[in-house]
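Could you have a look at this structure, given as structure tokens, before my questions?
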Amino acid sequence: MVVRHPAERTEGKGRFERLAEAASNFTSSPLFHGICLVLVAFFVVTHAAGMGQTWMFLAGDLMTAVTLLLLALLKNSERRAEHAVQRKLDAIAAALLEQHEGRTVRAHDDLRRAIGMDEKV
């Protein structure tokens, strides 16, 4: 079984793509930054106050979970952006090659679609 990355799919956005986009928008917001600051403050307070190990483990586990989710989100965004750039480069190369050969209609149409592709990513 071959599992394709969401960026390599040609059909419309699925649930995962919509979720990843929404999560990316949320994690770049000031609200998420505030939540992270509160989480770090909670972590520091539990250690500074000498609270029980249960609280320390809870704070550490929360930070680990957020870190893992952010890592997965970052990798997904990186792959989608990389795929979009590669498709644009391929379209530019094809347009230049066809222009050199005197055939420009199909490659220019592909290039127009590739340039507008950033709206789909």
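Could you give every pair whose Cβ atoms fall below 9 Å, whose first residue belongs to the range 72-92 and is touching a residue at least 40 places away in the same chain (Cβ under 8 Å) and in a helix (DSSP H, G or I), and whose second residue is surrounded by 13 or more Cβ atoms within 10 Å (Cβ to Cβ) and of a type in the set (S, T, N, Q), counting only separations of at least 6 or pairs across chains?
Matching pairs, first to second residue: L73/S24; L73/T27; N76/S24; S77/S24.
Every residue in the range 31-84 that is modelled with pLDDT under 85 and in contact with an Asp or Glu (Cβ under 7 Å, 6 or more places away or on another chain), please.
A84
Residue by residue through the range 17-41, note down the ones that are small (G, A, S) and assigned to a helix (DSSP H, G or I). Full working, then the answer.
Start the filter on the range 17-41 by keeping residues that are small (G, A, S), which leaves 20, 22-24, 28-29, 34, 41.
Answer for the range 17-41, where residues must be small (G, A, S) and assigned to a helix (DSSP H, G or I): A20, A22, A23, S24, G34, A41.
Also: Under 6 Å between Cβ atoms, at least 6 apart or on separate chains: pull out the pairs that start in the range 52-71 with a residue that is in a helix (DSSP H, G or I) and end on any residue that is of a type in the set (S, T, N, Q).
If the second residue must be of a type in the set (S, T, N, Q), the pairs left are W55/T46; M56/T46; A59/T46.
Suppose we keep only residues that are touching a helix residue (DSSP H, G or I) at 6+ places or on another chain (Cβ under 9 Å) and closer than 28 Å to H83 by Cα within the range 34-71. Which one would you say is surrounded by the most Cβ atoms within 10 Å (Cβ to Cβ)?
Filtering the range 34-71 for residues that are touching a helix residue (DSSP H, G or I) at 6+ places or on another chain (Cβ under 9 Å) and closer than 28 Å to H83 by Cα, the one surrounded by the most Cβ atoms within 10 Å (Cβ to Cβ) comes out as V66.
If you check L111, L39, which single one turns out to be under 30 Å from G14 (Cα atoms) and out of contact with any Pro (no Cβ under 6 Å at 6 or more places or on another chain)?
Working: L39 fails: under 30 Å from G14 (Cα atoms).
The unique qualifying residue is L111.
Could you tell me whether any residue of the range 20-30 is of a type in the set (V, I, T) and at pLDDT 80 or above?
Here is the first cut: in the range 20-30, the ones of a type in the set (V, I, T) are 27.
Cutting the leftovers down to at pLDDT 80 or above gives us 27.
Yes, some residue in the range 20-30 is of a type in the set (V, I, T) and at pLDDT 80 or above.
The values are calculated or read from the model by the stated rules, or taken from the named source; none is laboratory data. This is a predicted model, so every value here is computed, not measured. Here the Cβ is made from the backbone with ideal geometry for all residues, glycine too, and neighbour counts use every protein chain on show.
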